[in-house]
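Participant: I'd like to ask you about the structure that follows.
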Amino acid sequence: LKYQGEYVERQVKGVLKAVGLVDEEPEVEDEHLQRIIEKHETAFHTYNLRPYDGVVDVFKAKTRLYFVEDREFLGWKKYALQGVRIHAVPGDHALMLLPPNDKVFAQVLQ
């Protein structure tokens with residue numbers, strides 16, 4: 001819920017800023033993160049995902065934070081024309097690359 005709440009808060013702030021209702025600038029330490037989030041949102045909304053003629057490797061967090069319609073392949077099956085390889089890693093989506101999960105993730109990746 002915390003993760004989803006933070007996402008919604010960022011979206012609402014972005015809309016309010018876009019329509020001129022909020023003019024507050026992000027704190028200096030958050031400025032870089034805010035630019036990354038904006039780039040991610042732009043890519044998410046504009047990129048046209050097409051099928052790939054190969055195998056897709058998916059690193060799947062063992063702990064789910066939110067509802068996913070396709071629990072087995074996480075939506076990748078229709079894009080991976082030669083199949084999907086699932087690699088389960090500890091943690092949730094936000095923490096699977098951070099300590100202590102990073103070491104297990106690195107082993108699975110290798």
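The values are calculated or read from the model by the stated rules, or taken from the named source; none is laboratory data. Values in this document were obtained by computation on a predicted structure and should not be read as measured data. Note that we place each Cβ from the backbone using ideal geometry, even for glycine, and neighbour counts take in every protein chain shown. Areas reflect the complete protein model, heavy atoms only, side chains present, ligands, DNA and RNA absent. Shrake-Rupley method; radii C 1.70, N 1.55, O 1.52, S 1.80 Å.
Participant: Please work out which residue is farthest from the chain's Cα centre (by Cα), limiting yourself to region 63-87 and to residues that are open to solvent by 100 Å² or more (accessible area, probe 1.4 Å) and free of Cβ contacts under 8 Å to residues at least 12 places away in the same chain.
Facilitator: Keep residues of region 63-87 that are open to solvent by 100 Å² or more (accessible area, probe 1.4 Å), which gives 64, 67, 69, 71-72, 77-78, 81-82, 85.
Okay, now just the ones that are also free of Cβ contacts under 8 Å to residues at least 12 places away in the same chain, so 67, 69, 71, 77.
Details: 67: 13, 69: 15, 71: 16, 77: 18 Å.
Result: 77.
Participant: Consider residue 60 carefully, then state whether it is free of Cβ contacts under 8 Å to residues at least 40 places away in the same chain and assigned to a helix (DSSP H, G or I). Quick ask: steps written out before the conclusion?
Facilitator: On the way: free of Cβ contacts under 8 Å to residues at least 40 places away in the same chain: yes; assigned to a helix (DSSP H, G or I): no.
Against the criterion (free of Cβ contacts under 8 Å to residues at least 40 places away in the same chain and assigned to a helix (DSSP H, G or I)), residue 60 does not qualify.
Participant: I'm trying to understand the selection: among the residues of region 52-101, which are among the β-branched types (Val, Ile, Thr) and farther than 23 Å from residue 2 by Cβ?
Facilitator: Pass one, region 52-101, residues among the β-branched types (Val, Ile, Thr): 55-56, 58, 63, 68, 84, 86, 89.
If the condition is that a residue be among the β-branched types (Val, Ile, Thr) and farther than 23 Å from residue 2 by Cβ, then 55, 56, 58, 84, 86 are the ones that fit.
Participant: Kindly list the number of the only condition in (1) at pLDDT 80 or above; (2) in a loop (DSSP other than H, G, I, E, B); (3) hydroxyl-bearing (Ser, Thr, Tyr) that fails for residue 42.
Facilitator: Looking at each condition in turn, residue 42 falls short on (2).
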